[in-house]
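Following: one structure in structure tokens, then a few remarks.
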Amino acid sequence: MTNADFEKIVNTSDEWITTRTGIKERRIANGLATSDMAVAAARAAIEMARVRHDEIEMVILGTVTPDYRLPSAACVVQEKMNFPNAAAFDVVAACAGFINGLSIASSYIENKILKKALVIGVEKLSSFANYKDRNTCVLFGDAAGAVVVSAEEGESGVISTYIKSDGKYRTLLWAEVGGCVNPYSQSFDFDGRDKIIMNGSDVFKIAVKEMGNATIKVIEDAGLTPADIALVVPHQANIRIVEALAKRLKISMDKVFLNIEKYGNTSAASVPLALDQANRTGRLKSGDYIVMVAFGGGLTWGASLVRW
């Protein structure tokens with residue numbers, strides 16, 4: 001779905017969207033459920049990792065757009081993928097869902113509770129966006145990404161992780177109607193309160209600050225400096241947020257992976273989608289230190305330092 005497509009449905013323009021967000025296109029998953037996209041990403045990940053289905057011991061799926069309110073989308077994926085030995089659950093941390101899931105998987109492995117986990121970030125935000133609100137609808141796309149986290153010998157892998165949240169800011173990025181506090185009623189006129197509502201300027205300020213703090217923390221916890229980082233793979237929320245993050249870290253944009261122009265903000269799928277593309281396009285080399293960082297509704301944020 002291009003910016004030209006949005007010009008036909010809301011009062012906006014390609015120039016307005018591009019200069020404020022960096023987005024030119026986004027993908028819409030017509031006819032697909034969240035679990036369908038997750039399965040495609042999961043299948044690609046386990047094939048790349050060369051692991052058997054019965055070796056996966058945990059499926060952690062980050063999303064705010066599950067197939068159903070009950071059960072979790074992770075359980076649907078487990079059934080579709082036939083993971084007979086896996087626990088499965090969703091993580092609801094919005095755009096930071098994948099980072100939260102990676103932190104959980106890493107902790108289980110480091111504590112020798114399991115050996116192999118599948119972490120998925122997936123969103124069908126087209127089902128959740130308000131296509132009458134020009135300030136938000138132009139941002140979002142649909143996507144899925146996945147990684148296998150495995151207990152292995154050697155120096156590569158997850159080095160440090162950090163996750164945090166602050167619920168007092170929850171109404172800066174939320175959906176007001178649809179939960180048990182404000183359930184749908186027969187008189188509800190679908191005025192957009194059941195869709196994504198965002199105070200963009202306030203979210204921007206906090207995102208720049210906390211994404212920077214999280215990135216610096218995982219780097220310092222590993223005894224490194226920003227100069228040691230080969231590539232930063234940030235949540236693709238807004239080009240201005242990413243540029244401000246690079247400035248805060250005092251690193252060149254050449255060290256930041258971007259695909260927001262083509263895919264927009266895909267929430268929990270954003271980081272694993274970008275990580276996979278960085279890998280497939282040769283941006284990641286063995287021994288490189290990589291930082292993944294994200295920020296989303298909750299508000300939630302986190303970062304992970306990985307040695308490739």
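The values are calculated or read from the model by the stated rules, or taken from the named source; none is laboratory data. Remember, predicted model here, so these are calculated numbers, not experimental data. Note that each Cβ is placed from the backbone with ideal geometry, even for glycine, and that neighbours are counted across all protein chains shown.
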Being small (Gly, Ala, Ser) and assigned to a loop (DSSP other than H, G, I, E, B) is the filter here; which residues of the stretch 206-230 pass it?
ALA222, GLY223, ALA230
Does LEU172 satisfy being farther than 25 Å from LYS24 by Cβ and in contact with a Phe, Trp or Tyr (Cβ under 7 Å, 6 or more places away or on another chain)?
no
Can you name the condition, by its number, that MET198 falls short on among (1) in contact (Cβ under 8 Å) with a residue 40 or more places away in the chain; (2) in contact with a Ser or Thr (Cβ under 7 Å, 6 or more places away or on another chain); (3) over 17 Å from GLY298 (Cβ atoms)?
(3)
Looking only at the stretch 180-206, filter to residues that are touching a helix residue (DSSP H, G or I) at 6+ places or on another chain (Cβ under 9 Å) and charged (D, E, K, R); which one of those is farthest from LEU245 (Cα to Cα)?
LYS195
Answer yes if at least one residue in the stretch 72-82 is in a loop (DSSP other than H, G, I, E, B) and either among the charged types (D, E, K, R) or under 23 Å from GLY264 (Cα atoms) (or both), and no otherwise.
no
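Scan the stretch 1-13 for residues that are under 25 Å from the mean Cα position of the chain (by Cα) and surrounded by 15 or more Cβ atoms within 10 Å (Cβ to Cβ) and report the count. Explain how you work it out, then say what you get.
So in the stretch 1-13, the residues under 25 Å from the mean Cα position of the chain (by Cα) come out as 1-3, 5-6.
Filter once more, keeping what is surrounded by 15 or more Cβ atoms within 10 Å (Cβ to Cβ): 1, 3, 6.
Residues in the stretch 1-13 being under 25 Å from the mean Cα position of the chain (by Cα) and surrounded by 15 or more Cβ atoms within 10 Å (Cβ to Cβ): 3 in total.
Against the definition (in a helix (DSSP H, G or I) and either small (Gly, Ala, Ser) or modelled with pLDDT under 95 (or both)), how does ALA88 come out, yes or no?
The answer is no for ALA88.
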Please go through (1) touching a Ser or Thr at 6+ places or on another chain (Cβ under 8 Å); (2) more than 18 Å from PHE98 (Cα to Cα); (3) assigned to a loop (DSSP other than H, G, I, E, B) for ARG193 and return the number of the only condition it doesn't satisfy.
(1)
Qualifying position, being assigned to a helix (DSSP H, G or I) and in contact (Cβ under 8 Å) with a residue 24 or more places away in the chain, among ALA29, ALA38
ALA38
Being part of a loop (DSSP other than H, G, I, E, B) and without any contact (Cβ under 8 Å) to a residue 12 or more places away in the chain is the filter here, so list the residues in the stretch 158-184 that pass it.
GLY179, CYS180, VAL181, ASN182, PRO183, TYR184
State whether one or more residues within the stretch 167-174 are farther than 24 Å from THR21 by Cα, in contact with a strand residue (DSSP E or B) (Cβ under 6 Å, 6 or more places away or on another chain), modelled with pLDDT of 95 or more and not β-branched (Val, Ile, Thr).
no
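Within the stretch 262-282, track down each residue that is of a type outside the set (Gly, Ala, Ser) and either surrounded by fewer than 19 Cβ atoms within 10 Å (Cβ to Cβ) or in a helix (DSSP H, G or I) (or both). I'd like the intermediate steps shown before the answer.
Residues of the stretch 262-282 that are of a type outside the set (Gly, Ala, Ser), as a first pass: 262-263, 265-266, 271-273, 275-277, 279-281.
Within the stretch 262-282, LYS262, TYR263, VAL271, PRO272, LEU273, LEU275, ASP276, GLN277, ASN279, ARG280, THR281 meet the criteria.
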Selection from the stretch 136-169 of residues among the acidic types (Asp, Glu) and surrounded by fewer than 19 Cβ atoms within 10 Å (Cβ to Cβ) yields GLU152, GLU153, GLU155, ASP166
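Out of the residues in the stretch 205-225 that are over 16 Å from THR171 (Cβ atoms) and among the hydrophobic types (A, V, I, L, M, F, W, C), state the one that is surrounded by the most Cβ atoms within 10 Å (Cβ to Cβ).
Taking the stretch 205-225 as the starting set, the residues that turn out to be over 16 Å from THR171 (Cβ atoms) are 208-225.
Remaining after also requiring among the hydrophobic types (A, V, I, L, M, F, W, C): 208, 211, 214, 216, 218-219, 222, 224.
Values: VAL208: 20, MET211: 27, ALA214: 24, ILE216: 18, VAL218: 23, ILE219: 23, ALA222: 16, LEU224: 16.
The extreme case among them is MET211.
Mind checking which residues of the stretch 226-243 are aliphatic (A, V, I, L, M), farther than 18 Å from GLY97 by Cβ and either under 19 Å from the mean Cα position of the chain (by Cα) or surrounded by fewer than 18 Cβ atoms within 10 Å (Cβ to Cβ) (or both)?
Looking only at the stretch 226-243, we keep the residues that are aliphatic (A, V, I, L, M), and these are 227, 229-233, 237, 239, 241-242.
Imposing the further condition that a residue be farther than 18 Å from GLY97 by Cβ reduces the set to 227, 229-232, 239, 242.
ALA227, ALA230, LEU231, VAL232, ILE239, VAL242, listed by residue number.
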Here are the criteria: (1) modelled with pLDDT under 95; (2) within 17 Å of the chain's Cα centre (by Cα); (3) not polar (S, T, N, Q). Tell me which single one ARG20 does not satisfy.
(2)
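Working carefully through the options LEU114, LEU118, find the one that is buried (at least 24 other Cβ atoms within 10 Å of the Cβ) and at pLDDT 95 or above.
Details: LEU114 fails: buried (at least 24 other Cβ atoms within 10 Å of the Cβ).
The conditions single out LEU118.
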